[in-house]
Amino acid sequence: MTRSDLVEELAARFSQLTHRDAEYAVKTILDAMSEALVRGHRIEIRGFGSFSINRRPPRMGRNPRSGESVHIPEKRVPHFKPGKALREAVDKRTAEIEAGTK
């Protein structure tokens, strides 16, 4: 699902929202989540999962073309951990779909 798919789904489910309002709502939520992660906060959405920041320490890598060593600096990367309800729902639906195709 892409961002535009999410906007379309939101506009379709809530008829009182215009396409522009749905787009603004999705943008606002994603911007707020991004800003929270930048500030180092953890985001937890019950029944869905949690977003946090993982630290990747600096390391030495290798340029595949030349073979020379390259220093790779420390990075902070977003990490998503699905909640129990989401894991179970995905497992149940995929099992149902697989059973229906056999």
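What to note about this one:
- Each residue was assigned an accessible area with a 1.4 Å probe, and for Ser15 the value is about 110 Å².
- Correct choice for Cα Rg over 2.2 N^0.38 Å that was computed from the model, options (1) 2.10; (2) 1.04; (3) 1.55: (3)
- Coarse-grained scattering of region 10-60 at q = 0.25 Å⁻¹, given as base-10 log I(q)/I(0) from a Debye sum over alpha-carbon atoms: -0.95
- Heavy-atom SASA rank of Leu37, Leu6 (probe 1.4 Å, accessible area, largest first): Leu6, Leu37
- Theoretical FRET efficiency, 1/(1+(r/R0)^6), r = Cβ-Cβ of Ala25 and Phe80, R0 30 Å, to 0.05: 0.90
- Calculated accessible area for the chain comes out at 85 Å² per residue, all protein chains present (probe 1.4 Å; ligands, DNA, RNA ignored).
- Overall, the accessible surface of region 1-81 at a probe of 1.4 angstrom is composed of carbon and sulfur to the extent of 54 percent.
- Summing Lys and Arg as +1 and Asp and Glu as -1 over all other residues whose Cβ lies under 14 Å from the Cβ of Lys84 gives a net charge of +1.
- GNM on the chain, alpha-carbon springs under 10 angstrom: the most fluctuating residue among Phe51, Phe14, Phe80 is Phe14.
- Cα long-axis angle, helix 3-13 against the chain (0 to 90 degrees, to the nearest 10): 20
- Rounded to the nearest 10 Å², the accessible area of Val90 at probe 1.4 Å: 80
- Karplus-derived HN-Hα couplings along region 16-31 (A = 6.51, B = -1.76, C = 1.60, θ = phi - 60°), whole Hz, x at Gly and Pro: 6, 8, 7, 4, 5, 5, 5, 5, 5, 5, 5, 4, 5, 5, 5, 5
The values are calculated or read from the model by the stated rules, or taken from the named source; none is laboratory data. Remember, it's a predicted structure, so these values are computed and weren't measured experimentally. As a convention, Cβ positions derive from the backbone with ideal geometry for all residues, glycine included, and neighbour counts pool all protein chains shown. In case anyone asks, the SASA skips ligands and DNA or RNA and just uses the protein heavy atoms, side chains included. Shrake-Rupley method; radii C 1.70, N 1.55, O 1.52, S 1.80 Å.
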